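Undergrad: After the structure tokens below, expect a handful of questions from me.
The values are calculated or read from the model by the stated rules, or taken from the named source; none is laboratory data. Given the structure is predicted, the values throughout are model-derived calculations rather than measurements. Note: ideal-geometry Cβ built from the backbone for every residue, glycine included; neighbour counts use all protein chains shown.
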Amino acid sequence: MLALDDYLRLLPKTELHCHFVSTMSAGMLIAQAERYGVPLRTSDAAELFDYADLREFLVDFEAAHQVLRTPQELARVAYDGVRLAAADGALRYREYFVNPHSFAAVGLGYGPLMDGVLDGLRAAERDFGVGFNVVVAIRKDVTPTEATELVQLVTDTPYPEVVGIGADYLTAEGTEDPARFAEAYALAKRVGLRTTIHAGETPHSGPEDVRAALDVLHVDRIDHGYRVVDDAELLARVVDEQVPFDATPISTTICSGWRLDPEHRLATLIAAGANVNISTDDALFFRTDLGREYREGLVALGVDAATARRLALNGVEAAFCSDDEKAALRARFTGELLALDAMLDPAVAG
């Protein structure tokens, strides 16, 4: 019989909320920072990822973009990240946020950036069978005009695996403010790109940020979105409409300062029947992996095996891939789950 811990580790998974640079290893980050003279708070991996809040984390997140400067380095990160996630968390499909504005600061243009990332991910797909797509992310601290120009660049430089537009970071004022990027998102919609955005994530945000993402930007998915539970009417709406939420349990202990327990907003969102899927957000910086998000994060929230299974399948349906790719994923998950369910200890089945 499979124990719950093993079942959750082996459960086939998607990851729809993964920032590309966070798939780098700690050792590579430290070595590359030394190579390029990029300052880190410490070169001790045991202390490097201790953060007081989201803003402190974003300093290191920015530094990580500065240590990858060639397509070859990007390809190495891409390939190794897939290999590790397949081993640690039974990854079957992943979508990556890539921030061109961050890489442009070290002279890496959009073409070389995407060529490097995609070369590594394509090789990993061939070797490990893990599918993928890319979501180009707008930094919220750029101007609305710069955001629209980025979407136009994506449109003018097509890659088949670049399928969506997202937005991360905070604005220069330290807010989320999805509505300021209405023009960029309208363009993305017109040219057929899928859309998502970080909203309702931090203690300084609110359900109004999720509402703006839905009603002004008309996004297909919400990244994080936990503050939606603070508005009963909005919570009922997103449950009724089955809006997908890309949740990252362990990161909330740092970015939001919340404790992982059954009172957590994410636990409330799941219990309400919302369309939640699970990711790592930034595995490197939060000392996590996809397996840990299920084995520790979900268990701490009070999620049972049956619910974890549902969340894993939600990730298939919420993915920004083609109907054929989704059908293949659905069939793969169904076959693997049949075998795992047959071995699961009935005492923990849920």
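Undergrad: Can you tell me which residue among 167, 172 is over 21 Å from the mean Cα position of the chain (by Cα) and touching a residue at least 24 places away in the same chain (Cβ under 8 Å)?
TA: Step by step, each of 167, 172 is checked, and only 172 is over 21 Å from the mean Cα position of the chain (by Cα) and touching a residue at least 24 places away in the same chain (Cβ under 8 Å).
Undergrad: I'd like the full set of residues that are touching a Phe, Trp or Tyr at 6+ places or on another chain (Cβ under 7 Å), under 20 Å from residue 213 (Cα atoms) and in a helix (DSSP H, G or I), limited to the stretch 110-157.
TA: Residues satisfying the conditions are 144, 147.
Undergrad: Among the residues of the stretch 66-100, write down those that are among the basic types (Lys, Arg), more than 18 Å from residue 159 (Cβ to Cβ) and within 20 Å of the chain's Cα centre (by Cα). I'd like the intermediate steps shown before the answer.
TA: Just the residues of the stretch 66-100 that are among the basic types (Lys, Arg), to begin with: 69, 76, 83, 92, 94.
From what is left, the residues that are more than 18 Å from residue 159 (Cβ to Cβ) are 69, 76, 83, 92.
Within the stretch 66-100, 76, 83, 92 qualify.
Undergrad: I want to confirm something. Restricting to the stretch 99-109 and keeping residues that are assigned to a loop (DSSP other than H, G, I, E, B) and small (Gly, Ala, Ser), which single residue is modelled with the lowest pLDDT? Full working, then the answer.
TA: Within the stretch 99-109, the subset assigned to a loop (DSSP other than H, G, I, E, B) is 99, 105-109.
Then drop every residue that is not small (Gly, Ala, Ser), which leaves 105, 107, 109.
Values: 105: 88, 107: 93, 109: 96.
This residue is 105.
Undergrad: Are there any pairs, at least 6 apart or on different chains, whose C-beta atoms fall under 7 Å, with the first in the stretch 92-116 and under 23 Å from residue 196 (Cα atoms) and the second surrounded by 18 or more Cβ atoms within 10 Å (Cβ to Cβ) and basic (Lys, Arg), and if so, which?
TA: 92/13; 99/139; 101/139; 102/139
Undergrad: Just one of 5, 60, 80 is acidic (Asp, Glu), buried (at least 17 other Cβ atoms within 10 Å of the Cβ) and part of a helix (DSSP H, G or I); which is it?
TA: 60
Undergrad: Which pairs do you get when a residue that is surrounded by fewer than 15 Cβ atoms within 10 Å (Cβ to Cβ), found in the stretch 327-350, comes within reach of a residue that is among the β-branched types (Val, Ile, Thr) and part of a helix (DSSP H, G or I), reach meaning Cβ atoms under 9 angstrom, with the pair 6+ apart or on two chains?
TA: Here the result reads 330/316; 350/307, each pair linking the stretch 327-350 to a residue that is among the β-branched types (Val, Ile, Thr) and part of a helix (DSSP H, G or I).
Table: residues versus (1) under 16 Å from the mean Cα position of the chain (by Cα); (2) aliphatic (A, V, I, L, M); (3) not in a helix (DSSP H, G or I).
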{"residue": "186", "(1), (2), (3)": "no, yes, no"}
{"residue": "195", "(1), (2), (3)": "yes, no, yes"}
{"residue": "205", "(1), (2), (3)": "no, no, yes"}
{"residue": "219", "(1), (2), (3)": "yes, yes, yes"}
{"residue": "237", "(1), (2), (3)": "no, no, no"}
{"residue": "245", "(1), (2), (3)": "yes, no, yes"}
{"residue": "276", "(1), (2), (3)": "yes, yes, yes"}
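Undergrad: Scan the stretch 199-233 residue by residue and report those that are farther than 17 Å from residue 267 by Cβ, free of Cβ contacts under 8 Å to residues at least 40 places away in the same chain and out of contact with any helix residue (DSSP H, G or I) (no Cβ under 7 Å at 6 or more places or on another chain).
TA: Once the filter is applied, which keeps residues that are farther than 17 Å from residue 267 by Cβ, free of Cβ contacts under 8 Å to residues at least 40 places away in the same chain and out of contact with any helix residue (DSSP H, G or I) (no Cβ under 7 Å at 6 or more places or on another chain), the stretch 199-233 yields 204, 208, 214, 215, 233.
Undergrad: Please count how many residues of the stretch 278-303 are over 11 Å from residue 13 (Cα atoms), outside any helix (DSSP H, G or I) and touching a residue at least 60 places away in the same chain (Cβ under 8 Å).
TA: Residues flagged as over 11 Å from residue 13 (Cα atoms), outside any helix (DSSP H, G or I) and touching a residue at least 60 places away in the same chain (Cβ under 8 Å) within the stretch 278-303 amount to 9.
Undergrad: Here is a follow-up. Taking residue 195 as the residue in question, decide whether it is surrounded by fewer than 24 Cβ atoms within 10 Å (Cβ to Cβ) and in contact with a Phe, Trp or Tyr (Cβ under 7 Å, 6 or more places away or on another chain).
TA: yes
Undergrad: Pull up the stretch 101-121, narrow it to residues that are within 19 Å of the chain's Cα centre (by Cα) and not aliphatic (A, V, I, L, M), then point me to the one that is surrounded by the fewest Cβ atoms within 10 Å (Cβ to Cβ).
TA: Step by step, filter the stretch 101-121, then rank; the result is 101.
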